[in-house]
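A short write-up of the structure that comes next.
What follows draws every value from the coordinates through simple rules; no lab data is involved. These figures come from a predicted structure and were not determined experimentally. All Cβ positions, even for glycine, are placed from backbone atoms using ideal geometry, and neighbour counts span all protein chains on display.
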Amino acid sequence: MVFEEIYNDIKTAFGQLWTFKERGKSLEIITPYTTTTQKFISVFLSFKDKEYIVSDGGWLDNGFYENVFNLEDDTFRKIAHHYFNAFSIKEIKGPSQKTYFYKKTITPIAVPSLVFDMANFIAAMVSTSEIEFVEREERETKEQFRRSANEYLQTVIPKEKIDLGVYLDEKKQIRLHAVVKQSSSRLVLINYITGSNPYFFNNSITKTNFLFELAEKSTVGRFVKRKISLIDTTASGYVPTRIATFINHLLENTGSEKIDWSEREKLQDMV
């Protein structure tokens, strides 16, 4: 086993209950820790560019721990970033646009510490995601539309031209649902608008308005050529007579446009 010496260090440091599986060029380390969803936590060790990398394997974002990992919820995002900072966690998008959380080191002796941190980070994130910060119906509405919209965009836009859930700024304060790169100097911003009732739907419109305003002032603002609000016309909160004023203000204030989910084929014109 490539990582046998490091794995033995981990067992020495934390006990004999830890097991492993070799997965290609990486090692799945199965910890004795469980989540509040009754899943054993695994972390993945790999070696690349002379660095040891310990990651969650993309399992948090994939929902492997039977959790809803939704950074779109404001309260959850604030708590999540607290843990990102506390454990010095970094993140990267994988080939399928899933997020991988990781830590890395050039020193083999430091790997057990990284494994310990990553396992505790995963436990904290799963536990946090189980807390009901908003009404269940609202959370499910947002998550279902996000997944549907993401899947559709990935079928009509080449993967090298689209980033999902991407930040526009280094401080990670301006996050859009999708950014389409028509060229190196032409960007299309897309944000999803949905809600389980008109109140939440209007909140979603207001948030999109704010994000589009900030995007214009960001370092990539000069490259933004279109801003599109993708409207969830299937949501219970979609009541045209109650959201019209908010929608009109969004379009006029930000110079953006809207595309209804029922007419989503219009999104194919972006490439």
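In Å, what Rg and Dmax follow from the Cα atoms of the chain?
When restricted to the Cα atoms of the chain, Rg and Dmax are 20.8, 66 Å.
Pop out the ³J(HN,Hα) list for segment 170-184 in order, Karplus 6.51 cos²θ - 1.76 cosθ + 1.60 with θ = phi - 60°, rounded to Hz; leave Gly and Pro as x.
5, 7, 6, 10, 10, 10, 9, 5, 7, 10, 9, 9, 5, 7, 5
Counting other Cβ atoms within 10 Å, which trypsin sites (Lys or Arg not before Pro) in segment 24-94 have at most 13 and lie in a DSSP loop?
Lys25, Lys50
State, as an integer percentage, the relative contact order of segment 1-143 based on alpha-carbon contacts under 8 Å between residues 6 or more apart.
25 percent
Classify segment 62-200: rounded, prolate or oblate, from the alpha-carbon gyration tensor (a ≥ b ≥ c, eigenvalue square roots; a/c under 1.5 rounded; otherwise prolate if a/b is larger than b/c)?
Note, shape of segment 62-200 comes out oblate.
So what are the ³J(HN,Hα) numbers for segment 96-110, from phi and the Karplus equation (6.51, -1.76, 1.60; θ = phi - 60°), rounded to whole Hz, Gly and Pro as x?
Ordered by residue, 3J(HN,Hα) equals 9, 6, 7, 8, 10, 9, 7, 9, 8, 7, 9, 9, x, 5, 8 Hz.
In nm, what is the difference between 0.36 nm times the number of residues separating Asn85 and Thr34 and their Cα-Cα distance?
My answer for the length gained is 16.1 nm.
Return a whole-number percent for the relative contact order of segment 136-270, with Cα pairs under 8 Å and 6 or more residues apart as the contact set.
23 percent
Skipping prolines and chain starts, which residues have an amide H placed within reach, meaning under 5 Å, of the one on Lys258, given they are 5 or more residues away or on another chain?
Ser229
Need the C-alpha centroid separation for segment 35-67 versus segment 198-248, integer Å.
Centre-to-centre distance over Cα atoms comes out at 34 Å.
By average Cβ neighbour count within 10 Å, what is the ranking of 203-210, 236-243, 143-150 from highest down?
So the order, starting with the most tightly packed, is 203-210, 143-150, 236-243.
Among all lysine pairs in segment 49-187 that are eight or more places apart or on different chains, how many have alpha carbons less than 15 angstrom apart?
Lysine pairs, 8 or more places apart or on different chains, close enough: 16.
How many times 2.2 N^0.38 Å is the alpha carbon radius of gyration of segment 40-105?
1.15
Order the peptides 186-199, 159-172, 221-234 from the highest to the lowest mean number of other Cβ atoms within 10 Å of their residues.
186-199, 221-234, 159-172
Write down, largest first, the equivalent ellipsoid semi-axes of segment 136-270 in whole Å, where each equals the square root of 5 times an eigenvalue of the alpha-carbon gyration tensor.
23, 17, 14
Taking θ = phi - 60°, what integer Hz values does the Karplus form 6.51 cos²θ - 1.76 cosθ + 1.60 yield along segment 26-39, in sequence order, with x for Gly and Pro?
Result, rounded to whole Hz: 10, 10, 7, 9, 8, 8, x, 7, 10, 8, 6, 9, 6, 10.
Using a Förster distance of 25 Å, how high is the FRET efficiency between Gln182 and Leu71, based on the Cβ-Cβ distance and rounded to 0.05?
It comes to 0.45.
What percent antiparallel are the DSSP beta bridges of the chain, to the nearest 5?
75 percent
Please report the equivalent ellipsoid semi-axes of segment 4-129, computed as sqrt(5 x eigenvalue) of the Cα gyration tensor, largest first, in whole Å.
Values for segment 4-129, descending: 23, 16, 14 Å.
Can you tell me the relative contact order of the chain? Whole percent, Cα pairs under 8 Å, sequence separation 6 or more.
12 percent
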